[in-house]
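Peer 1: Provided herewith is a single structure, encoded as structure tokens, for subsequent inquiry.
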Amino acid sequence: MTEREDNSLTNRKAILLTDDLSPKGAFKARGGYYTGLVTTLRETGFTDIGIFSTDFKDAPFFDSKRHRLLPGCFETSSYQEAFEQLSSEYEICGIIDLTQTFSGSRPLARLIAPFAERRDFPVNSPSAVLLANNKYLTRRALERAGERSVGYRLITGMKDLPSLEGLTWPVILKPVVGAGSSFVYKCRSESEL
């Protein structure tokens, strides 16, 4: 640890890192990113504080004095308690929600937004987080704004299949929420739906 990094750990100006990491052990897959981020924060004079899922207890940068562990899928009351406790000890200058970076966790993003908003941090409002994380709502908002985007239809069951008339096959079927390619299917015909 450099002298500057060491000094940053006594600094009361802090950046709150938060992540509802799951499944267990996923830290290993993205640990280099976290380690680099923590190093950068310390080199720029900030203390890294955090509210993490219990999977972080084995992270190389974890320190029980600066980091709080909560069970996965944070509940509002436990997150608020950890946030208030850290706020009393540090001047929180910003929040980096790492779940959005890696997994697009909607519950955590909606939980963090009100805390950040109350502290006047530049942050998307809870309704903007909901809109941005729901593919159907995002498409509708783009359409209302006059922005060109790929055709879409909301399908909630077999009863909605007639709404596919006019689409060119193949079509891509995917959930309205989620990240990556989980549950995304290419359907060449109606029978593949």
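The values are calculated or read from the model by the stated rules, or taken from the named source; none is laboratory data. Since the model is a prediction, treat every value here as computed from it, not as a measurement. Quick reminder, even Gly has a Cβ in these numbers, built from the backbone with ideal geometry, and neighbours come from all protein chains shown.
Peer 1: Could you list, in sequence order, the residues of segment 161-186 that are at pLDDT 80 or above, surrounded by 12 or more Cβ atoms within 10 Å (Cβ to Cβ) and under 19 Å from Thr138 (Cβ atoms)?
Peer 2: Val171, Leu173, Lys174, Val176
Peer 1: Say whether the condition of being at pLDDT below 70 and β-branched (Val, Ile, Thr) is met by at least one residue in segment 93-109.
Peer 2: yes
Peer 1: Further question: Can we say Asp63 is among the acidic types (Asp, Glu), in a loop (DSSP other than H, G, I, E, B) and at pLDDT 80 or above?
Peer 2: yes
Peer 1: Exactly one condition in (1) of a type in the set (D, E, K, R); (2) in a helix (DSSP H, G or I); (3) under 22 Å from Asn133 (Cα atoms) is false for Lys159; which is it?
Peer 2: Exception for Lys159: condition (3).
Peer 1: Got a sec? Which of Ser87, Ser127, Ser77 is surrounded by 15 or more Cβ atoms within 10 Å (Cβ to Cβ), outside any loop (DSSP other than H, G, I, E, B) and either modelled with pLDDT of 80 or more or not aliphatic (A, V, I, L, M) (or both)?
Peer 2: One residue alone meets the criteria, Ser87.
Peer 1: Here's something else I'd like to know. Quick check, is Ala82 modelled with pLDDT of 75 or more, over 27 Å from Thr40 (Cα atoms) and surrounded by 12 or more Cβ atoms within 10 Å (Cβ to Cβ)?
Peer 2: no
Peer 1: Which ones in segment 110-122 are basic (Lys, Arg), at pLDDT 70 or above and either surrounded by 14 or more Cβ atoms within 10 Å (Cβ to Cβ) or not in a helix (DSSP H, G or I) (or both)?
Peer 2: Listed by number, the list holds a single entry, Arg119.
Let's see how each residue does on (1) more than 17 Å from Asp63 (Cα to Cα); (2) assigned by TED's automatic domain parsing to the domain that holds Arg66; (3) at pLDDT 70 or above:
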| site | (1), (2), (3) |
| --- | --- |
| Asn7 | no, yes, no |
| Leu16 | no, yes, yes |
| Asp19 | no, yes, yes |
| Ala26 | yes, yes, no |
| Gly31 | no, yes, no |
| Glu43 | yes, yes, yes |
| Phe46 | no, yes, yes |
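Peer 1: Do any residues in segment 133-151 that are under 22 Å from Leu111 (Cβ atoms) have Cβ atoms under 7 Å from those of residues that are of a type in the set (Gly, Ala, Ser) and part of a loop (DSSP other than H, G, I, E, B), where the two are at least six apart or on different chains, and which pairs are they?
Peer 2: What qualifies is Asn133/Gly104.
Peer 1: What do you reckon, is Glu147 at pLDDT below 85, over 22 Å from the mean Cα position of the chain (by Cα), charged (D, E, K, R) and exposed (fewer than 12 other Cβ atoms within 10 Å of the Cβ)?
Peer 2: no
Peer 1: While we're on this one: Considering only segment 39-70, how many residues are aliphatic (A, V, I, L, M) and surrounded by fewer than 20 Cβ atoms within 10 Å (Cβ to Cβ)?
Peer 2: Matching residues across segment 39-70 total 3.
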